[in-house]
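Reading through the structure tokens given below for one structure.
FYI, it's all coordinate maths here, none of it is from the lab. This one's a predicted model, so the numbers in the text were calculated from it and none came from an experiment. Here Cβ is always computed from backbone atoms with ideal geometry, including for glycine, and neighbour counts include all displayed protein chains.
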Number of protein chains: 2
Amino acid sequence: MRLFREGGYDATTMRAVAEAAGVSLGSAYYYFASKEHLVQGFYDQLSAAHHEVVADVLATETGFAERYGGVLERWIDLAEPYHDFAATFFRNAADPRSPLSPFSPESAAAREVSIAVHREVLAGSDLKLAPALREEMPELLWLVQMGMVLFWVYDASEGQARTRALVRGVVPLVDRLARLTRLPVVRAAANDVVALVRSLRG
Amino acid sequence: MRLFREGGYDATTMRAVAEAAGVSLGSAYYYFASKEHLVQGFYDQLSAAHHEVVADVLATETGFAERYGGVLERWIDLAEPYHDFAATFFRNAADPRSPLSPFSPESAAAREVSIAVHREVLAGSDLKLAPALREEMPELLWLVQMGMVLFWVYDASEGQARTRALVRGVVPLVDRLARLTRLPVVRAAANDVVALVRSLRG
DNA sequence: TCCGATGTTTGAACACGTTCAAAAATGGGT
DNA sequence: ACCCATTTTTGAACGTGTTCAAACATCGGA
């Protein structure tokens, strides 16, 4: 991880990793099936750290926008040192067959932790949702976060300022849209979204 | 392109391409800066073909949902033979620094064609939008299409049936949501979306 | 103490994308 | 016809991720 952080994904060779670990190249491949697998721990590490750093927001705030916004912003804070590195290996995560894909079985652990965080965001908030929507909302919020991460990867601005602006804009929108589901006509649309998500999962 | 289609991206070597073209390996690199650039023509080719195949839908249909749905479904039809190939090289397109990224300068031509198609989708439809939204809507529809493509890449179902189901679900939703902007409270949210998009672009 | 099986380590070897200096071809000006 | 600058072609060479057969280590049981 140190080598990756310092030199980026591509510039860090398996030979350098093996040497830094004091083993031969072949041994590195005995413990890690590929260079991608080397980086698998990064996900688990990051999602666990995020889970921790988000605890006090979830303990103190009660407004949905504050809770969700806090969760997203702290992810950006946490991931900031790894932004350049992430940009260099993200290509692998976008391959559907890669174990680094956020939808892969290998990423299930990190994914579950992340969805659980969003379940907490909802559970402790003042937002009231229809039952059908309430059930699917954590996964939808996680999907929005994946969209944010996609934007973040492309974001070359200082301190990822643009991604932060995105979050400050999107969170109130999600908040408002969610509350709009009180209107029957909007709720009908929301129910269709839920039905679609469910049919695509099955 | 034939070699890519038959063997996939990774399995097609630059040496094989050079040999099939009857030139040396070095000459291949004289005309194409990298393996990724070899595939650049695929975008232009595909978006041009899409523009053509979509003409009669845009000439006959007037309902927004029919127009937009037709445009998306014909893209799936068109891209179907390349699905496996696309999955193998898509990883490169997800790299923000890759010329294959849909946001890259090198992809600008194909991107402009695609956005123009969506402008036509709107222009000839019965959908009435507020001026601010009308201006940004083509790009938003294109973004939705990029989302569909992302889903499509991950879609291993027969004939990409799940992506087709997604389109059949999403299009009426977009249609309904767009028409809901007649309600002042929904229109306010839509205006915030437009403002956000504009601030992020600048 | 020795044996065999299992677990671990090693570095050479492979195929790949890419680079580069040198060679070959081209073409316009005299 | 000749020259020279420019364009084009070539294949060897480099560094990479990955594989693999062989060597070595470990350890429980006879």
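Each other copy holds its own label point for A:Val113; taking that point as 7 Å from Cα along Cα to Cβ, the gaps run 4.5 nm, nearest first.
Quick one: length gained pulling A:Ala123 to A:Ala18 fully straight, 0.36 nm per residue minus the C-alpha distance? Intermediate values should be presented prior to the final figure.
Numbers: separation 105, 0.36 × 105 = 37.80 nm, distance 4.54 nm.
Stretched fully, the A:Ala123-A:Ala18 segment lengthens by 33.3 nm.
Rounded to the nearest whole Hz, the Karplus-based 3J(HN,Hα) values (6.51 cos²θ - 1.76 cosθ + 1.60, θ = phi - 60°) of segment B:151-168 follow the sequence 4, 4, 4, 7, 8, 9, 6, 4, x, 6, 4, 5, 5, 5, 5, 4, 4, 5, with x at glycine and proline.
Rounded to whole Å and sorted largest first, what semi-axes of the equivalent ellipsoid does the C-alpha gyration tensor of segment A:73-202 yield via the square root of 5 times each eigenvalue?
Working: eigenvalues 153, 72, 33 Å².
Over the Cα atoms of segment A:73-202, the semi-axes work out to 28, 19, 13 Å.
Compared with the dominant principal axis of the Cα atoms in chain A, helix A:108-123 is inclined by about 30°. Between copies, the label points of B:Ala188, set 7 Å from Cα on the Cα→Cβ line, lie 2.3 nm apart, reported in increasing order to one decimal in nanometres. Taking θ as phi - 60° and the Karplus parameters 6.51, -1.76 and 1.60, the scalar couplings of segment B:21-27 work out to 8, x, 10, 7, 4, x, 5 Hz in sequence order, x denoting glycine and proline. Ordering A:Phe103, A:Phe85 by the number of other Cβ atoms within 10 Å of each residue's own Cβ, fewest first, gives A:Phe103, A:Phe85. Think of the axis that spins chain A onto B; the A residue whose C-beta lies nearest it, and the distance in whole Å, is A:Ala94, 2. Copy-to-copy label distances for B:Glu6, where each label lies 7 Å from Cα along Cα-to-Cβ, are 4.7 nm in order of increasing length. Ranked for footprinting exposure by Cβ neighbours inside 10 Å, fewest first, A:Leu72, A:Leu122 give A:Leu122, A:Leu72.
Can you give me the relative contact order of chain A as a percent, contacts being Cα pairs under 8 Å and 6 or more apart? The value is 21 percent.
Residue-wise HN-Hα couplings along segment B:28-44, as the Karplus relation 6.51 cos²θ - 1.76 cosθ + 1.60 with θ = phi - 60° gives them from phi, are 4, 7, 6, 9, 10, 4, 7, 4, 5, 5, 4, 8, 4, x, 4, 4, 4 Hz; Gly and Pro carry x. Inter-chain neighbour count for B:151-161: the average number of beta-carbon atoms from partner chains within 10 Å of each residue's beta-carbon is 1. Toward the positive end of the charge dipole of chain A, with +1 on the Cβ of Lys and Arg and -1 on the Cβ of Asp and Glu, the farthest Cα among A:Gly69, A:Ser27, A:Ala188 is that of A:Ala188. Anisotropy class assigned to the protein assembly as shown is oblate, per the alpha carbon gyration tensor with a/c at or over the 1.5 cut-off and a/b no larger than b/c. For chain A, the longest principal axis of the alpha carbon atoms and the long axis of helix A:64-79 meet at an angle near 10°.
Tell me the mean residue ellipticity at 222 nm calculated for chain B from its helices only (DSSP H runs of n ≥ 4, each -39500 (n - 2.57), averaged over every residue, nearest 500). If you can, show how the numbers build up before the last one.
Working: 12 runs with 149 residues, N = 202.
The helix-only estimate for chain B comes to -23000 deg cm²/dmol at 222 nm.
When +1 charges are put on Lys and Arg Cβ atoms and -1 charges on Asp and Glu Cβ atoms, the dipole computed for the protein assembly as shown relative to its Cα centre reaches about 780 debye. What is the distance in Å between the Cα centroid of segment A:170-202 and that of segment B:183-202? When both Cα centres are located, 18 Å separates them. As a rough footprinting exposure proxy, the listed residues A:Tyr31, B:Tyr68 were ranked by other beta carbons within 10 Å of their own, and the order from fewest upward is A:Tyr31, B:Tyr68.
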